[in-house]
Structures are given as C-alpha cells and as structure tokens.
Amino acid sequence: MAHTVTQHDLRIMVELIDHARDDAGPAGLPTPVLELTRQLIACDIVSFFEMEPLVRRTYFDQEGTSEAVVIRDGVDADTDPFWVHYWDSAPCSYASTSGDERTITTISDFYSQRQWRASGMHSDCVPDIEHEAMMCISAPAGHTRRLALSRTGNRDFDDRERLILALLRPHLDEAYQELQQRRLPRPALTGQQHRVLRLVADGLSNKQIAKELVVSAATVRTHLENIFTTLQVTSRGAAVAKAFPRRPF
C-alpha cells in the first residue's frame, strides 16, 4: 500500500538519526544524514540550509554528499534571483508567511506543474527541478532551517514518502538541536582542572585523584569547586557530561 512504512525504512531512519548526532562541521548536518535520506526517499538532490528571509540572508547551504558547508557571503540580495522571487513563490515562502514549520510540503501543494514551470523561481533559479518536498526544523526567531528533496523527473512525492518525512521530522529536529548545543563554545578549564575531571570521569575518588596527581585531597576539592563554578554545574556527573558530551558511558 502507498502509506506503508517498512521495517527496512525504519532501520534506515534509526541509523539516520544516530548519524544526526555525530560531530559535524561548524554548520549543517553530518554527511551520512543526507546520504541516508536519499536511501529512504529516492531523489536527485538533497540539500539542507538555513536562511533569514526578512533580511535576505543565507547562512549555509549544504548539498548532496559534500562534507563542506557552503557559506554564501557577498551575494547581492537585491539582485539574487532566489530572493527576488522568494516571497512570490508559495512553495518557498509558505513556512515564512504561515509560521507552519511542521507540515511536510511539496511544490504540487501550491502549483500545478504548468504553473510551477511558468514561475520565476523555476525559470530563473531551478529550471531543472520539477518536484520538491520540504521539511522544516526548529530555528532561531526569523530564521528557517530546511531539508529539501528535489527531483528533476516527472514523479511527484507520494503519501508514503510524505509520511516518512513526517515521522522523521521530530527526531531529526531533536538531534539537530543537540548538535547545535555541542557547537556552542565550552567554558575553558585549566590543564590541571581538565586532568582532574578526566580522572573523575574514569571513576576515581578525590583521594585516588590526589594520589594520581601527587597533590592533597584538599587541592582536588578546590579544583572541583572551581570546575563546578566554571561549568555552572553542581555535581561531578553534570561536570563530566558538560565537559565531555561525546564520552561514551
């Protein structure tokens, strides 16, 4: 049936979400996420990007399997055809004008194929794209982050594919917010504080840490108090989790 999501689909979705939590560059998604998205839903192009439409600014535009995230600086927004047509193109501006970032949308939700081909967005920006499915994930106020799946052929996205994207969206959203948190600058610890916290993470007591570092237990306690203050936490476990978020336990 058209709406059926298979066990194979679910396995790929779980793998995709796991990869979404992997370390990535300064922006965008880990490359395997885009690769697995194409395995889930056949398409010609998968892209992920963040924009601030009101000021006509694109922060990054990540496409295909490239590990590099392209930061689009120096583009004259007044003459960039994408921004010239953005607000008049319903498939592009829907999330910005409606505030609806949960619904999976396609070009055919707004235009017939003839209307799409006659639009300025199609002719000036994406003349090869005939169908596109769009998923939005949470972004700062005024920004929009989108995962777009594009096809150059005549086959539109069906109900099953929309369902997969709808099921995937909240989990990908949560994973990406975690990834963004890890990208935030971490409070700096001194070398000795870092060594103390590594030993805490290894399960050593204050007395054992003192012996390992050849200092007094009182010095270890002082280091831990300063670590808690720097990291703004109140427990050993919270300090370890904040300082080493990718450490397996």
Mind listing just one residue for me: the one in the range 2-34 that is surrounded by fewer than 14 Cβ atoms within 10 Å (Cβ to Cβ) and hydroxyl-bearing (S, T, Y) and, of those, nearest to D156 (Cα to Cα)?
T4
Any chance you could count how many residues in the range 82-112 are open to solvent by less than 20 Å² (accessible area, probe 1.4 Å), over 18 Å from R57 (Cα atoms) and in a loop (DSSP other than H, G, I, E, B)?
1
Could you check the range 151-195 and list, in sequence order, the residues that are out of contact with any His (no Cβ under 8 Å at 6 or more places or on another chain) and closer than 13 Å to A133 by Cα?
T152, D158, E161, R162, I164, L165, A166, R169
Considering every residue within the range 50-59, establish whether at least one is free of Cβ contacts under 8 Å to residues at least 60 places away in the same chain and part of a strand (DSSP E or B).
yes
For the range 53-63, which positions are touching a Phe, Trp or Tyr at 6+ places or on another chain (Cβ under 8 Å) and either open to solvent by less than 40 Å² (accessible area, probe 1.4 Å) or among the aliphatic types (A, V, I, L, M) (or both)?
P53, T58, F60, Q62
Every residue from the range 128-180 that is of a type in the set (G, A, S) and open to solvent by 10 Å² or more (accessible area, probe 1.4 Å)
S138, A139, A141, G142, G153, A166
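Hey, can you tell me all the residues within the range 145-177 that are small (G, A, S), at pLDDT 95 or above and within 15 Å of the chain's Cα centre (by Cα)? Working first, answer last.
Looking only at the range 145-177, we keep the residues that are small (G, A, S), and these are 148, 150, 153, 166, 175.
Right, trim to at pLDDT 95 or above and you get 148, 150, 166.
Listed by number, the list holds a single entry, A148.
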Quick one: in the range 217-229, of everything that is closer than 20 Å to R186 by Cβ and buried (at least 17 other Cβ atoms within 10 Å of the Cβ), which residue is nearest to the chain's Cα centre (by Cα)?
I227
Test: residue in the range 204-216 that is over 23 Å from R182 (Cβ atoms), open to solvent by less than 30 Å² (accessible area, probe 1.4 Å) and modelled with pLDDT of 90 or more:
yes
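Would you say R183 is more than 30 Å from T6 (Cβ to Cβ) and either open to solvent by 10 Å² or more (accessible area, probe 1.4 Å) or touching a strand residue (DSSP E or B) at 6+ places or on another chain (Cβ under 6 Å) (or both)?
Working: more than 30 Å from T6 (Cβ to Cβ): yes; either open to solvent by 10 Å² or more (accessible area, probe 1.4 Å) or touching a strand residue (DSSP E or B) at 6+ places or on another chain (Cβ under 6 Å) (or both): yes.
Yes; evaluated as a whole, the condition is true for this residue.
The values are calculated or read from the model by the stated rules, or taken from the named source; none is laboratory data. Small disclaimer: the values here were computed from a predicted structure and weren't measured. Every residue, glycine as well, gets a Cβ built from its backbone with ideal geometry; the counts of neighbours run over all protein chains shown. Protein only, heavy atoms only, side chains kept; ligands, DNA and RNA dropped before computing areas. Shrake-Rupley method; radii C 1.70, N 1.55, O 1.52, S 1.80 Å.
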